[in-house]
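Here's the structure we're looking at; comments come further down.
The values are calculated or read from the model by the stated rules, or taken from the named source; none is laboratory data. All of these numbers come straight from a predicted model, not from anything done at the bench. A quick note on method: Cβ atoms are made from the backbone with ideal geometry, for glycine too, and the neighbour counts reach across all protein chains shown. Quick note on the areas: whole protein, heavy atoms, side chains included, nothing else; ligands and nucleic acids left out. Shrake-Rupley method; radii C 1.70, N 1.55, O 1.52, S 1.80 Å.
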Amino acid sequence: MRRPKLKKASKRMTCSRRFKIQKKVREHNRKVKKEAKKAGHKKTKKDISIPNDAPFKEDILREAELRKQMREDLKKAQKLERQNEVAKKRKLEKDKKEKKEAKPKDKKETEKATKPKKPVARNSVKSFCIEVNKVIEASDVVLEVLDARDPLGSRCLQAEQLVLQSTKKKLLLVLNKIDLVPKDNIEKWLNFLNKEIPTIAFKCSTQVREKNLPSNGSKATSSIVDISKGTVCYGGDSLLRYLHRFCPSPDEGIKVGLIGFSNVGKSSLINSLKQFRVCNVGALKGTTRIIQDVKIDENIKMTDSPSLVVCPDDPPVTLAMRNVFENKDDDLLEAVRLIIKHCDKQQIMLKYNISDFRNSLEFLDLVARRRGLLMKGGVTNVKGAARLFLDDWMGARLSYHTQPPASSSCHISTEQIATMRKGVDLKALDEHNKSIIKTLRCPSPASSIAFHFSCLTNGILDDTELKEQNPEPEEQESEEEEDYADEGEEEEEEELMEGDLIEEDNGEEKKPKDVPFTSETKQTELAKQSAGKSVRFDKLEEDPDDAYDFNADFN
């Protein structure tokens, strides 16, 4: 009989058992590692011993011992040096404390010493005045850039007097943005200004090439042209020609400083002459904050300056147009009201393609609807329309003009006029200005808005007598408290209005006559107009709480 074949024991096991074994092994290894760390067992370094058969074994061992001793001596010396330095510092601190205790100072002196000097803020009125004074002092020739739409309003009395005080400095007027004014009006203003100070007609190139981009050709010397875009700068040749005449010699150069109010085109003038975008340009007021020197050629170096600061005693129209520091929405609405008050109403209606209006608020409402500036519920964005109108007015989109006065200003004497005219060929300048006006495309008098206000603007240049236009924090807190009180009064009025509503027979609601016409009711009335219902804007004039005198408009 065959013996039955014995089977080997199987090594298979259940998964749970296998996982338990693996877990125990891991735990064991972890314990072993922990114990090894606690014991601090480290790998023993192998002793690189020198074999006995090596030649000069004794000499090698001596050198090794000497090196070891040298290292130990170096460590000890370094430790002593550190200790000595710490001891010296401690002695110095003790001496300072003893001196302070021996000679106590007054409280005022200590406060003055500890208080750090406050740096002048870049966007403050004082910094603007300091920068403009630096430009006038450092320059040999000063160019006052004027806006051709309102040349008299863009002139600063104080800046001109400061330049005319020194006989060594020259003053020239640059009438910029001549492409936005009718030709007859430009000629009138040039004749008026040339009676006092030599004036050059100028038109900046609207698009200049970036500095880092390569040009497509060589620079044109006869006419300053942007090759990549083809926009021409008018008046650049004559300006550079007269500036070169003021140079004392062909080898010596002059420094030319540019001054003027905001948005007259100082930085654009430098970019046009340099044919590169060297200075930052923007439609916002006060884009230039610091002085910037630009080398036009070997003999002429121009300095761009921040805008002149308007004196708060000036008329409100000039403050609205020339003031750099205005950011509040109420100031925007007031500025629009003052500007529209001195404009020709029919020309504004034709320019913006809107219907007849009674006041500035109705004008902004019509402009907002025309441009699609609507908020939730069909309410017009009046503040957005005000910003849009002021950007058009201060920028280069809107054409308006003013008429020169009958008599010239009295702040320049005949001697000063004679000194300013030295070295300037007035006949050649007049001919060159006329040739520029002939070749230039200008708007017609019918398409340009007549602005019936023009007077010299007073500026601030003396930083010692400055008073910051921004209110102090205490005043701001008081204004905020008043605003909260006004909001509470408005809420009470709304509750009264809701309680006094009268229901008619047909189910409609009607407001009583005694309820005041608040700002929120104005918005609801404007929303009704967007829905196609008629609105009576004469109620806006009957509002006693309204901040604007709408009855004074267009009288």
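Here are some notes:
- Scanning the stretch 353-373 for residues that are surrounded by fewer than 19 Cβ atoms within 10 Å (Cβ to Cβ) and out of contact with any Ser or Thr (no Cβ under 9 Å at 6 or more places or on another chain) gives Asn353, Ile354, Ser355, Asp356, Arg358, Arg370, Arg371, Gly372.
- Some residue of the stretch 252-271 being open to solvent by 10 Å² or more (accessible area, probe 1.4 Å), assigned to a loop (DSSP other than H, G, I, E, B) and over 27 Å from Ile178 (Cβ atoms): yes
- The stretch 287-319, residues that are surrounded by fewer than 17 Cβ atoms within 10 Å (Cβ to Cβ) and basic (Lys, Arg): Arg289, Lys295
- Scan of the stretch 284-303 for residues that are in contact with a Ser or Thr (Cβ under 8 Å, 6 or more places away or on another chain), without any contact (Cβ under 8 Å) to a residue 60 or more places away in the chain and outside any loop (DSSP other than H, G, I, E, B), ordered by number: Gln292, Asp293, Val294
- Close contacts from the stretch 395-408, counting a first residue that is assigned to a loop (DSSP other than H, G, I, E, B) and a second that is open to solvent by 60 Å² or more (accessible area, probe 1.4 Å), with Cβ to Cβ under 6 Å and a gap of 6+ residues or different chains, come to Gly395/Ala283; Pro404/Lys188; Ser408/Lys195.
- Failed item, numbered, when Pro306 is tested on (1) at pLDDT below 85; (2) at negative phi; (3) part of a loop (DSSP other than H, G, I, E, B): (1)
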